[in-house]
């Protein structure tokens, strides 16, 4: 997947991707919160829907790689939208990668 097991690693991976693809934003923190949206970007922070996060984490029995992939996908979605997110995930990880398959499950 993405090689992350915590939000700090996800944040660093996300910022690396944003820089690589010329997205002029920087994320300082990923926060779980009760919000209506899947994820929103505000004041250099990504706020991820706590209920959706819990649902994913419970479904995969807390498997950190899948949970981290969900956080990365949610964050990218809030920053660049679905079309650009797909382009980035496809270019970085490939169509056959587990993270791309998770993208297809969640967003298609």
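Can you go through 99, 105 and tell me which one is at pLDDT below 95, surrounded by fewer than 16 Cβ atoms within 10 Å (Cβ to Cβ) and not in a loop (DSSP other than H, G, I, E, B)? Before the answer, list the steps.
Working: 99 fails: surrounded by fewer than 16 Cβ atoms within 10 Å (Cβ to Cβ).
None of the others qualify; the one that does is 105.
In segment 57-96, which residues are in contact with a helix residue (DSSP H, G or I) (Cβ under 7 Å, 6 or more places away or on another chain), under 23 Å from residue 33 (Cα atoms) and not in a helix (DSSP H, G or I)? Scanning segment 57-96 gives a single hit, 60. Among all positions in segment 5-19, there is no residue which is assigned to a loop (DSSP other than H, G, I, E, B), modelled with pLDDT of 95 or more and exposed (fewer than 14 other Cβ atoms within 10 Å of the Cβ). Restricting attention to segment 40-50, the residues being in contact (Cβ under 8 Å) with a residue 12 or more places away in the chain and either assigned to a helix (DSSP H, G or I) or loosely packed, with under 12 Cβ neighbours inside 10 Å (or both) number 2. When 27, 23 are checked against the criterion of being in contact (Cβ under 8 Å) with a residue 12 or more places away in the chain, over 13 Å from residue 10 (Cβ atoms) and surrounded by 14 or more Cβ atoms within 10 Å (Cβ to Cβ), 23 stands alone in meeting it.
Is it fair to say residue 37 is in a helix (DSSP H, G or I), touching a residue at least 12 places away in the same chain (Cβ under 8 Å) and farther than 21 Å from residue 8 by Cβ? Spelling it out, it is not the case that residue 37 is in a helix (DSSP H, G or I), touching a residue at least 12 places away in the same chain (Cβ under 8 Å) and farther than 21 Å from residue 8 by Cβ.
Of all the criteria given as (1) closer than 24 Å to residue 19 by Cβ; (2) assigned to a helix (DSSP H, G or I); (3) touching a strand residue (DSSP E or B) at 6+ places or on another chain (Cβ under 6 Å), the one not satisfied by residue 53 is (1).
The values are calculated or read from the model by the stated rules, or taken from the named source; none is laboratory data. Because the structure is predicted, anything quoted here is derived from the model rather than measured. So basically every Cβ, Gly included, is an ideal-geometry build from the backbone, and we count neighbours across all protein chains shown.
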